[in-house]
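Here, each number is a calculation from the coordinates, and none is a lab measurement. This structure is a prediction, so every number in the text was calculated from the model and none was measured. Cβ atoms come from the backbone with ideal geometry, glycine included; neighbour counts cover every protein chain shown.
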Amino acid sequence: MVDFTQALGAGTLVGLVYALLGLSIVIIYRASEAFNFAIGEFLVIGSFLFYIFFFDLRIPLLVALPLGLLAAGLVGALVERFAIKPLLGRSPLSMTIITLGLGFFLRGCVQLIFGSHSYSFFLELPDITQEFGDLLFLSDPIWAGILSLSTFGLILFLLFRTRWGLAIRATSENQAKAMAFGIDARFILLIVWAISSACIAVAGIMISNFGALSSMSSIVGLRAIPVVLIGGMDSIVGALVGGIIVGVCESLAGAYIEPMGLVGFKEVAPYLLLLIVLLIRPYGLFGQIRIERV
Amino acid sequence: MLSIENLRVVYHDVISVLNGISLTLNEKEILIIIGANGAGKTTLLRSVAGMIDFYDGSIIDGDIKMNGASIKGLDATDIMKRFGLTYVIEDRPVFWYLTIEENLGAASFSRWDKQVKADIEGIYSLFPVLEKLRHRKAGYASGGEQQMLAIGMALMTRPKILLLDEPSLGLAPLITEELFSTIEGLNQSGITIVLVEQNAHAALDIGTRGYVMETGRIVLDGSSRELLENEDVREFYLGSGKRERKSYKDAKRYKRRKRWL
């Protein structure tokens, strides 16, 4: 029982980081109906940008973090302007394909600049390790959970309580309609990519903090795929629930199935779960039921 | 105030939709554009509103002038901000997943003044039915309510010129009548209106002047009265002309003789 609770708790904390990754996919999907396959590379680039500010330039954390996120957002905006915007109004599929190619391109850039070795990555955050009897939750995952959740909340606030959020939601529904009512859909798309990129960077920094940062960290970004597919591609709640489900599933598989000799099952488990969910609910758990009117 | 000179528009670089359209819009009038499906009415409105490139079309010839200055190639948001021109796209251009109140808010995105709240209340007093539904998603509203909302949203942008693309599409005749009297009211409050309609009779009734479009050209123009009395308009758009040509084939031959097609 202790094992189970421990795995559940640890899974939830990691799951919150995955939820943030899922959210960054969802907001782009809703705005431009494209799936951002370059998420892994965004994650690595975001982390490296923060690395430069914090570890290389030795700027204090509270300044370096916003700076890093801002830079990550800028990269997202640049990518949107050069790779995505020219395709506006075309099929979303071509945008998705572009993000695939973009992923390879960005990976190449990262390896060219930073090489493929690991960089040690350790944020000296205050120790908030929690112990309840036999349960032990380490400080880093707790920080990761807290920061991811608050970023998630911040994005929700932005989307549902501000005029820019309203414009983003309107544009996400239909770009032509938004433009007709004076919302600059192209600029909104730019903002969405920037926000998404900054979110991915937060998740990337948290994940790098668990271990080290290298150009191979991009694999973690792919965890967003089961997250959004389980939760529903266009659902923000789905991203949160999907993220936690994937985190818990992973950690349960790690605690119970891997010791039986199936090493690496942890990586596969979310996809198995994904298959089951998709068989039962093809749009994901919270995929929006489209309002159809003729 | 608005004049279009010999406008030619193609989609995807090959499909020619407007083949030399010239028209003028005078201040404070209701200009009616009627024409069959595929005549290029919507394309014309898109070009004027600066949204043609979004639909992968381009203006290859001619010019669109506002008070003498060319607005060709300007962004949709630019045109809206500078000239107060709002284009209500066809088929209920409301955001289905936003509530009615959010819809009105989204439409006022381009404004930063403090009047927005008061204006929303103004829309509610113009269309009381919307106030009752203010927290409901627009996708669940009826067609008539959605169209009222669309006009309300257009008003939130404080338009001087309103381009309406088939607002009566799919509405019951009674609701259409109500809608058209609302449009007339807007016009009386000083908004210039361009109304594209299939429902030619109702539209010409409230209109000042009208153009008839066919396959990317303007084939007829005149005051609403003249158009209502024109034999060909009566036959092809009002369905109340002489009954000599009974079959479709005859009608087609007649049209060809008139060199409309």
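Structure summary
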read-out	value
Residues of segment A:49-81 with amide N under 12 Å of a point placed 7 Å along Cα→Cβ from B:ASP78	none
Degrees between helix B:143-156 axis and first principal axis of chain B (Cα, 0 to 90, nearest 10)	70 degrees
Euclidean distance between Cα centres, segment A:39-68 to segment B:42-108, Å	41 Å
Unit charges at the beta carbon, dipole of chain A: most positive-side option, A:LEU123, A:TYR283, A:PHE55	A:TYR283
Proximal charge balance of B:SER168 [Cβ under 10 Å; K/R count +1, D/E count -1]	-3
Anisotropy class of segment A:86-232 from Cα gyration tensor, a/c 1.5 cut	oblate
Sorted largest first, extent of chain B alpha carbons per principal axis (Å)	57, 40, 31
FRET efficiency, 1/(1 + (r/R0)^6) with R0 56 Å, evaluated for A:PHE104 and A:MET1 via beta carbons	0.75
A:LEU149-B:LEU126 FRET efficiency (beta carbon distance; Förster radius 51 Å; 0.05 resolution)	0.70
Nonlocal amide H pairs with B:GLY222, under 5 Å, H built at 1.01 Å	B:GLY210
Per residue, the convex hull volume that the Cα atoms of the protein assembly as shown enclose (Å³)	191 Å³
Sequence of A:MET216, B:MET153 once ranked by neighbouring C-beta atoms within 10 Å, starting from the fewest	A:MET216, B:MET153
Cα Rg, Dmax (largest Cα-Cα span) when computed across chain A, Å	19.0, 61
Under 10 Å, Cβ to Cβ, from B:ARG134 - net charge with Lys/Arg +1 and Asp/Glu -1	-1
Local electrostatic count at B:ILE60 - Lys and Arg +1, Asp and Glu -1, tallied over other residues with Cβ under 14 Å	-4
Shielding by partners - mean other protein chain Cβ count within 10 Å, residues of A:165-173	5
Given 13 as the ceiling on other Cβ atoms within 10 Å, longest exposed-site-free region of chain A for GluC sites (Glu not before Pro) in DSSP loops	A:125-291
Part-to-part distance (alpha-carbon centres) for segment B:117-168 and segment B:178-224, which is given in Å	20 Å
Cα convex hull of segment A:178-294 - mean projected area over all directions, nm²	10.3 nm²
Subset of A:LYS177/B:LYS137; B:LYS41/B:LYS65; B:LYS117/B:LYS160; B:LYS65/B:LYS117; A:LYS85/B:LYS65; B:LYS28/B:LYS65 violating a 23 Å alpha-carbon distance limit	B:LYS65/B:LYS117; A:LYS85/B:LYS65
Percent of C-alpha pairs per 10 Å bin, segment B:34-122, short to long	14, 38, 32, 15, 1
